[in-house]
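Taking it in order: structure first as structure tokens, then the write-up.
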Amino acid sequence: MPHPAALPHDPDPTTAELVAARPHLSMHAMDGLLMDGVPLNAVADQVGTPTWVLSAGSIRGRLQALQAAFASAGLPARVHYAVKANDHLAVLRIMAQGGAGADVVSGGELQRARLGGIAPEHIVFSGVGKAEWELRLALEAGVGQINVESAEELAMLSGIAAGMGCVARVALRINPDVDAGTHAKITTGRADNKFGVAYDSAAALYAHADGLPGIEPVGLALHIGSQILSMTPYRAAYARAAELVRDLRAAGQIVRMVDCGGGLGIGYRDEPAATPAAFAGAIRATLGGMGLELAVEPGRWLVGSAGLLLASVVLVKATGNRRFVVLDAAMNDLLRPAMYDAWHGVVPLSAVDAVQPTSPADIVGPVCESGDTFARGRALPALARNARLAILDAGAYGSVMSSTYNARPLAAEVLVDGNRWSVIRARQPMEALWAGETVPDWLG
Ligand SMILES: *Cc1c(COP(=O)(O)O)cnc(C)c1O
């Protein structure tokens, strides 16, 4: 299911439409594409390409909009930013300054969240396979909550916490067996996914947890998938969570909080994006009025549209009746099209290019894989060598999923804030690719 709203006969949105739909982008007649007050050509001139560029203002604005939606729905909900979407320290600093906590899924993310300035009590540790050292690290740091995903993990955590003489505040992650209606690789709430505790065994496990040393069960957690655009699966999942809260309370358990997870989708193409108001409404309708503390864990929605990937045309190649625009960015930089069949807008940086007549082009990278294709049959103007393009909505699951496949160094990263911008990660030096490698003496 590549992109539900994109039927084959739907024309792709034009460059003008893509830019108009993104408030932090604008096309300037002289300077070309701007992010906030910064001409992206100036960034590419100084830093080169491929380069990730993020708008601090966009991230701040979206965090505020999400918090405001919960406040106006009268819901006491904390936002725990899902660090895995973009774990750069500068992004984490913006989240901390905006009052967000963090949802982390590894010891490394836990360290990053702390370095970014997020207080340990506002960190939630999620994930289906937390190692013993990671649980120990989380308890030493004093994280606010650990979301436990199995009876086996609960037993392990109890042993570690009791051994350390501390008490772990635990939410049980339940698997509500709801189809999030998204891509199979980012669906997490079906009974046959690896995530969470089966709904039917959750009540018994919660009661069991209550009796374990080193464990204080505080509530439930769920996260049904990613890039969710409809409120229907959310409502279904939260209704099941509410039912379980009532059952647990009727059985005498204390259930203080429900962690509603993330997954809120964005409009990559022209699909109607999910709104924070609708999300808050779905939570209020199902879990409101129960005296619960609530938390949400969005990643993509906060940072996805705030970022783009700048690339340059290496060459344009005509083969048969196809035109291939080969970029200096590739699937090792942005994996989403190869991995999830994701649609990303691609727009020229030059205002002149942006208004020329278009014809279909396949936009590809230089990596030796046919999957290294950013877009097919996309309406683009004639592009000269070294013409620049921006691949939009690459702020989430972009740089964090990069690899150095084909010995391609990690791209530079830039943060824009109003008229200011800074390199926030230098382009990886080529030598760094083999710096940790040794050739054993005995190879001769
Ligand atoms: C990935 C993940 C999120 C964030 O998902 P988004 O789709 O980026 O909002 C939140 N919670 C958990 C447990 C996750 O694994």
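The values are calculated or read from the model by the stated rules, or taken from the named source; none is laboratory data. Here the structure is a predicted model, which means the values were calculated and not measured. Here Cβ is always computed from backbone atoms with ideal geometry, including for glycine, and neighbour counts include all displayed protein chains.
Just a few scattered comments:
- Filter result for ASN332 (more than 16 Å from the ligand (Cβ to nearest atom), under 18 Å from VAL400 (Cα atoms) and out of contact with any helix residue (DSSP H, G or I) (no Cβ under 9 Å at 6 or more places or on another chain)): yes
- Those helices (runs of 4 or more DSSP H) of region 229-325 in which at least 1 residues are in the same structural domain as GLY99 (by TED's automatic domain parsing) and away from the ligand (no atom under 13 Å from the Cβ), considering only elements entirely within it, cover 231-250, 276-287.
- Taken over region 116-138, residues that are buried (at least 17 other Cβ atoms within 10 Å of the Cβ) and farther than 24 Å from ALA151 by Cα amount to 3.
- Residue ID - surrounded by the most Cβ atoms within 10 Å (Cβ to Cβ), chosen from residues in region 139-168 that are without any contact (Cβ under 8 Å) to a residue 40 or more places away in the chain and within 22 Å of VAL296 (Cα to Cα): ILE146
- Remark: pairs (first residue in region 169-191, within 30 Å of LEU212 (Cα to Cα); second residue among the acidic types (Asp, Glu) and assigned to a strand (DSSP E or B); Cβ separation under 9 Å; 6+ apart in sequence or on different chains) = ARG169/GLU216; VAL170/GLU216; ALA171/ASP259; ARG173/ASP259.
- Number of residues in region 317-356 that are closer than 14 Å to PHE374 by Cβ and β-branched (Val, Ile, Thr) equals 4.
- Of residues in region 90-117 being of a type in the set (S, T, N, Q) and away from the ligand (no atom under 13 Å from the Cβ), the one nearest to ARG62 (Cα to Cα): GLN97
- Within region 201-228, being crowded, with 18+ Cβ neighbours inside 10 Å and closer than 18 Å to THR188 by Cα holds for ALA202, LEU220, ALA221, LEU222, HIS223, ILE224, GLY225, SER226, GLN227, ILE228.
- Only strands (runs of 3 or more DSSP E) whose full extent lies in region 338-408 are considered here, and the ones with at least 1 residues that are in the same structural domain as LEU25 (by TED's automatic domain parsing), farther than 25 Å from ASP87 by Cβ and of a type in the set (Lys, Arg) are 373-380, 388-391.
- The helices (runs of 4 or more DSSP H) falling completely within region 1-103 that include 2 or more residues that are among the hydroxyl-bearing types (Ser, Thr, Tyr) map to 56-72.
- From ALA407, ALA435, ALA412, residue being over 17 Å from VAL367 (Cβ atoms) and either surrounded by fewer than 12 Cβ atoms within 10 Å (Cβ to Cβ) or modelled with pLDDT under 95 (or both): ALA435
- Hey, PRO11 surrounded by fewer than 18 Cβ atoms within 10 Å (Cβ to Cβ), modelled with pLDDT under 95 and under 23 Å from VAL400 (Cα atoms) or not: no
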